[in-house]
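**Student:** Mind looking over this structure? Questions follow.
The values are calculated or read from the model by the stated rules, or taken from the named source; none is laboratory data. Bear in mind the structure is a predicted one, so any value in this text is a computation, not a measurement. No Cβ is skipped: glycine too gets one built from the backbone with ideal geometry, and neighbour counts run over all protein chains shown.
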Amino acid sequence: MEQRVSLITLGVRDMDRSAGFYQALGWTQVESPDGVIAFDLIGQTLGLYPLQALADDIGIAVEDLGRGAQTLGHNTREKEEVDALMTKAEGAGARILKPAQDVFWGGYHGYFADPDGHIWEIAWNPFSPLGPDGAFQWNGA
């Protein structure tokens, strides 16, 4: 298996509400098959899929999907962008879990939950600058 993630699928309860949330953040929806809402990312795609349909596809009950201990990360080019994005997310309907603040390792970040509870970290990391195309570069690699 190649070391990459191609598609991130979020199970959501209300497709229109969730699509509207990401659109309010400034994302553009792309053409996709019926039943899927997709947003192209740099080298990946974020897909929104009905929660019950996701459970049915996997073959488990919705209750068994649980809440994984994970976050989706979005890094910024500048420290000041973190506050702006946190404000934009809150205005779009996000619940702020941790306001943006300096971090012990030298960065700056905050956390919010989207309308379905998926947790996003918005961060500026001076040790991992974004490439010219916006691609994240862990420790500058």
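**Student:** Take the residues in the stretch 91-105 that are at pLDDT 95 or above and in a loop (DSSP other than H, G, I, E, B); name whichever of them is surrounded by the fewest Cβ atoms within 10 Å (Cβ to Cβ).
**Tutor:** GLY93
**Student:** Would you be able to tell me the number of residues in the stretch 85-109 that are under 23 Å from GLY140 (Cβ atoms) and either of a type outside the set (D, E, K, R) or touching a residue at least 40 places away in the same chain (Cβ under 8 Å) (or both)?
**Tutor:** Count: 9.
**Student:** Only one of these conditions is not met by GLN137: (1) modelled with pLDDT under 95; (2) touching an Asp or Glu at 6+ places or on another chain (Cβ under 7 Å). Which number is it?
**Tutor:** (2)
**Student:** Test of understanding: among ALA61, ALA55, which residue is more than 29 Å from ASP133 (Cβ to Cβ) and surrounded by 14 or more Cβ atoms within 10 Å (Cβ to Cβ)?
**Tutor:** Numbers: ALA61 fails: surrounded by 14 or more Cβ atoms within 10 Å (Cβ to Cβ).
Result of the check over ALA61, ALA55: ALA55.
**Student:** So which residues in the stretch 106-141 are under 20 Å from ALA24 (Cβ atoms) and assigned to a strand (DSSP E or B), if there are any at all?
**Tutor:** Scanning the stretch 106-141 gives GLY110, TYR111, PHE112, ALA113, ILE119, TRP120, GLU121, ILE122.
**Student:** So which strands (runs of 3 or more DSSP E) stay within the stretch 1-59 end to end and still have 1 or more residues that are hydrophobic (A, V, I, L, M, F, W, C) and over 17 Å from GLY93 (Cβ atoms)?
**Tutor:** In the stretch 1-59, 7-12, 37-40 are the strands (runs of 3 or more DSSP E) which contain 1 or more residues that are hydrophobic (A, V, I, L, M, F, W, C) and over 17 Å from GLY93 (Cβ atoms).
**Student:** Now, a different point. Anything in the stretch 74-88 that is out of contact with any Leu (no Cβ under 7 Å at 6 or more places or on another chain) and charged (D, E, K, R)? List them, or say none.
**Tutor:** GLU78, LYS79, GLU80, GLU81, ASP83
**Student:** Scan the stretch 28-45 and give yes if some residue there is surrounded by 13 or more Cβ atoms within 10 Å (Cβ to Cβ), under 20 Å from the mean Cα position of the chain (by Cα) and over 27 Å from GLN3 (Cα atoms), otherwise no.
**Tutor:** No.
**Student:** So which pairs qualify, if the first residue must be in the stretch 15-34 and among the polar types (S, T, N, Q), the second must be in a helix (DSSP H, G or I), the Cβ gap must be under 8 Å, and the two must be at least 6 apart or on different chains?
**Tutor:** Partner pairs satisfying both residue conditions: GLN29/ALA19; GLN29/TYR22; GLN29/GLN23.
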